[in-house]
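This report refers to the structure that appears directly beneath it.
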Amino acid sequence: MQKLTPFLISALLVFGVAACDNASKTSESAPNNPNEAAQTPTAQTTEASQKDAQSEVRRRQLNSDIRAREQRNDATGGDADRAKGDLASEVRSKLEANIPKGQITVDATKDGVVTVGGTVNNQQELAKIETLAKQIKGVKSVVVKATIAPPTGKPQ
């Protein structure tokens, strides 16, 4: 039993790390990683993403999430050493709140490089990605792989 307990705890930790190493997505239909080819979203997908991102409850959640992460980051020494999952998630929240129709995936490295992929509806949204991402403490550079893909079809 003494040998089994550390083994089980180690297995749970390894599983937890592997499960939490996914890229952050602004919607379920966003690509699984920024390097994946972006699909043109349907009008229904875009409308659903916008409705979710612009709901008052979701906006409060996003803003609260960003504030909490910034406070935790300040308490642990500023932007010198950010966890890549935390950085990706915070950038995703910022983009989701400001580009609600986007189907965006965010990934980050430990050294502060953020990669953003997926689709946005127009050039203005594409141009906002880098500026918004750099507003997050710990982001040193942004690689934008997102493309412009207006939604196809009509919303139902």
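Taking residue 30 as the residue in question, decide whether it is open to solvent by 20 Å² or more (accessible area, probe 1.4 Å), modelled with pLDDT under 70 and of a type outside the set (Phe, Trp, Tyr). Judged against the criteria, residue 30 is not a match. Among the residues of the range 99-114, those identified as open to solvent by 10 Å² or more (accessible area, probe 1.4 Å), out of contact with any Pro (no Cβ under 8 Å at 6 or more places or on another chain) and not hydrophobic (A, V, I, L, M, F, W, C) are 100, 109, 110, 111. Residues in the range 82-114 that are under 10 Å from the mean Cα position of the chain (by Cα) and assigned to a helix (DSSP H, G or I): 85, 86, 87, 88, 89, 90, 91, 92, 93, 94, 95, 96. Any residue in the range 115-130 that is outside any helix (DSSP H, G or I), at pLDDT 90 or above, surrounded by fewer than 16 Cβ atoms within 10 Å (Cβ to Cβ) and not acidic (Asp, Glu)? Checked the range 115-130: at least one residue is outside any helix (DSSP H, G or I), at pLDDT 90 or above, surrounded by fewer than 16 Cβ atoms within 10 Å (Cβ to Cβ) and not acidic (Asp, Glu). Just one of the listed residues (60, 69) is assigned to a helix (DSSP H, G or I), surrounded by 13 or more Cβ atoms within 10 Å (Cβ to Cβ) and at pLDDT 70 or above, and it is 69.
The values are calculated or read from the model by the stated rules, or taken from the named source; none is laboratory data. All values derive from a computational prediction rather than experimental measurement. Cβ sites come from the backbone with ideal geometry, for glycine too, and all protein chains shown count toward neighbours. Surface accessibility is based on the protein's heavy atoms, side chains included, excluding ligands, DNA and RNA. Shrake-Rupley method; radii C 1.70, N 1.55, O 1.52, S 1.80 Å.
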